[in-house]
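To keep things clear, I will list the structure first and then write my remarks on it.
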Amino acid sequence: MFNKRVKVKDLLASEPTGQEVIVMGWVRGFRNNQFIAINDGSTNNNIQVVAELGTFDEAILKRLTQSASVKVTGTLIASQGKGQKVEVKATTIEILGDCDPEKYPLQLRNRPSLEYLREIAHLRFRTQTFGSVFRVRHALAFAVHKFYNEKGFVYMHTPIVTASDAEGAGEMFRVTTLPMDNPPRNEDGSINFKEDFFGRSTNLTVSGQLEGELAAMAFSEIYTFGPTFRAENSNTARHLAEFWMIEPEMAFYDLEDNMNLAEEFIKYLIRHVMENNREDLDFLAQRLAEEEKQLPQDKRSEMGLIEKLEFVLNNNFERITYTEAIDILLNSPAYKKKKFQYEVKWGIDMQSEHERYLVEKHFKKPVIVTNYPKDIKAFYMRQNDDGKTVAAMDILAPGIGEIVGGSQREERLDKLTQRMEEMHIPVEEMWWFLDTRRYGTVPHAGFGLGFERMVLFVTGMTNIRDVIAFPRTPKNAEF
RNA sequence: GGAUGAUUAGCUCAGUGGUAGAGCGUGCCCCUGUUAAGGGCAGGGUCGAAAGUUCGAAUCUUUCAUCAUCCGCCA
């Protein structure tokens, strides 16, 4: 019976009246042969257990190594030391699982680097940094559902295995049960997918949007929140081959409604974490500040993590059109001093350096860019009356880049099919998608928010591989 | 996919052609109300791999591998 244990977080908040308590957790430190710091993941703080000298077997004390698991019974008393209010005076100490310090690869006192911790991702949750990151990640995921539930959105589970690659969002992972060394062939030598499990070629999903649109055409407002897969050979601190995405899709929404929802959503997530995970955020803020001390002055952030989050909460996102964005770039000192590596002119797909200039130098806050040229955006985005642009919107965040991509969708069947043909999208295969435009079509809109990018922004971590438990990136799927 | 850089002890790193180093961790001893506890002693590396240049290579050259950063693709 283990349920009598008190979590460390609750112990630390308790009044020390000498009550009997049971603590279980992992040893974080053992000082002076008397003071055991125990952590159970409920908080970054440890409970100090005092094993009075001479009262415990040397053989037991020797086994109190870092990350050994223990069960301690004792009394909760006010601490005589300065570092903590309460401590547990141990009456019994039981080792649940030993941890051989000569072999254990995670010695916290060594200040292991984030890169090294990625190599031992199965153990890195036992550090303060990853403890905080993943408690915050949990809180953000919970807040996603809370936000949409409060608004009456329906949570749709869109399929992971799909046959369509219509969005063209990227290279796809193939799903098949055909034998790799000897697949069935057609007469022309191509692989015969009619003999495959689904009787056709299938892939892992790159987006739940198209299916989401189908559901929105009945429930009015839905959202998806699930894993997404892109087989791009992307080697950056912002891309994963497997990542989680939130995709709301709303009938009776135009582009402005869409932007309003996205901004409210992001602020809701930040507020939720500020109110519920302050301790973890404070730790992460301190971690970030220490990391930035190593950087040259001009590369450090102007604001601390907490300051940055408060700033985002208290200010409206800047909203500009693509055309205005290009004008700002063309009139910028950076452009005049030829600081940009890539050309700036109307019609370009803005490069990272351009987006960063707008967000980090010019506006210094999140920016929503709208009405992009149609030629650089997806087929389903609603065509504006100017014939040149579509009702798209991207939200760019400082340090992260694109965190949201969305649009008002093209609800007019003729405009949509025309655009699909121009972009060589197989219209016949998409009959089910086009049916929504045939039968009771309505103006609607939606967006995708990259969950890990949101976690990056909130935690101040700089590499996306450090905000997902077991990152999937090119040449990496060890755990 | 492209560019740049890195790879030396368990970890973090120093070592630019002449016998392989530090801090931390680890082990043993001492101390005992500590807070990254303190003091002492000890063990620990064919310098990412292969080939080459050289009397001699961690150090120079080539190829490969892995990692990081930036770019492209996007969320």
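Listing for the model above:
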| quantity | calculated |
| --- | --- |
| A:Asn260, sole failed condition from (1) assigned to a loop (DSSP other than H, G, I, E, B); (2) more than 21 Å from A:Arg472 (Cα to Cα) | (1) |
| Test: residue in region A:333-352 that is out of contact with any Leu (no Cβ under 9 Å at 6 or more places or on another chain) and in contact (Cβ under 8 Å) with a residue 60 or more places away in the chain | no |
| Those residues of region A:1-60 which are within 11 Å of RNA strand B (Cβ to nearest atom), assigned to a loop (DSSP other than H, G, I, E, B) and in contact with a Lys or Arg (Cβ under 6 Å, 6 or more places away or on another chain), in sequence order | A:Asn46 |
| Cβ pairs under 7 Å, 6+ apart, first in region A:114-142 and among the small types (Gly, Ala, Ser), second within 14 Å of RNA strand B (Cβ to nearest atom) and open to solvent by 10 Å² or more (accessible area, probe 1.4 Å) | A:Ala121/A:Phe470; A:Ala121/A:Phe479; A:Gly131/A:Asn44; A:Ser132/A:Asn44; A:Ser132/A:Phe283 |
| Helices (runs of 4 or more DSSP H) fully within region A:390-479 counting 1 or more residues that are within 14 Å of RNA strand B (Cβ to nearest atom) | A:451-459 |
| Qualifying residue in region A:152-166 (condition: within 16 Å of RNA strand B (Cβ to nearest atom), under 24 Å from A:Thr441 (Cβ atoms), open to solvent by less than 60 Å² (accessible area, probe 1.4 Å) and of a type in the set (D, E, K, R)) | no |
| Residue within region A:447-464 that is touching a residue at least 60 places away in the same chain (Cβ under 8 Å) and surrounded by fewer than 19 Cβ atoms within 10 Å (Cβ to Cβ) present | yes |
| Within region A:201-247, tally of residues that are over 25 Å from A:Glu411 (Cα atoms) and of a type outside the set (Val, Ile, Thr) | 20 |
| Every pair of residues 6+ apart whose Cβ atoms lie under 9 Å, when the first sits in region A:245-264 and is over 15 Å from A:Thr370 (Cα atoms) while the second is open to solvent by 20 Å² or more (accessible area, probe 1.4 Å) and hydroxyl-bearing (Ser, Thr, Tyr) | A:Glu247/A:Thr158; A:Met250/A:Ser220; A:Ala251/A:Ser220; A:Phe252/A:Ser220 |
| Matching option when the condition is open to solvent by 50 Å² or more (accessible area, probe 1.4 Å) and assigned to a helix (DSSP H, G or I), among A:Glu302, A:Glu307 | A:Glu307 |
| Test: residue in region A:177-199 that is open to solvent by less than 20 Å² (accessible area, probe 1.4 Å), closer than 27 Å to A:Leu434 by Cα and free of Cβ contacts under 8 Å to residues at least 40 places away in the same chain | yes |
| Test: residue in region A:334-347 that is farther than 21 Å from A:Asn260 by Cα, part of a helix (DSSP H, G or I) and either open to solvent by 50 Å² or more (accessible area, probe 1.4 Å) or away from RNA strand B (no atom under 16 Å from the Cβ) (or both) | yes |
| Within region A:90-105, tally of residues that are within 12 Å of RNA strand B (Cβ to nearest atom) and in contact (Cβ under 8 Å) with a residue 40 or more places away in the chain | 2 |
| Any hit, region A:247-261, residues being away from RNA strand B (no atom under 14 Å from the Cβ), among the hydroxyl-bearing types (Ser, Thr, Tyr) and surrounded by 21 or more Cβ atoms within 10 Å (Cβ to Cβ) | yes |
| Residue that is closer than 13 Å to A:Tyr223 by Cα and not polar (S, T, N, Q), where the choices are A:Phe142, A:Phe173, A:Phe153 | A:Phe153 |
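Results for (1) more than 15 Å from the chain's Cα centre (by Cα); (2) basic (Lys, Arg), shown as yes or no for each residue.
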residue	(1), (2)
A:Ser234	yes, no
A:His239	no, no
A:Met245	no, no
A:Met250	yes, no
A:Asn258	yes, no
A:Arg271	yes, yes
A:Asp280	yes, no
A:Ala285	yes, no
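Residues checked against (1) of a type in the set (S, T, N, Q); (2) surrounded by 13 or more Cβ atoms within 10 Å (Cβ to Cβ); (3) closer than 22 Å to A:Asp10 by Cβ:
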| position | (1), (2), (3) |
| --- | --- |
| A:Val50 | no, yes, yes |
| A:Leu61 | no, yes, no |
| A:Gln66 | yes, yes, no |
| A:Gly74 | no, yes, yes |
| A:Leu96 | no, no, yes |
| A:Asp100 | no, no, no |
| A:Tyr104 | no, yes, no |
| A:Phe125 | no, yes, yes |
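The values are calculated or read from the model by the stated rules, or taken from the named source; none is laboratory data. The structure presented is a predicted model; accordingly, all values stated were derived computationally and were not measured. Glycine gets a Cβ as well: all are built from the backbone with ideal geometry, and neighbour counts include every protein chain shown. When the accessible area is computed, the model is the full protein with side chains, heavy atoms only, and any ligands, DNA or RNA have been set aside. Shrake-Rupley method; radii C 1.70, N 1.55, O 1.52, S 1.80 Å.
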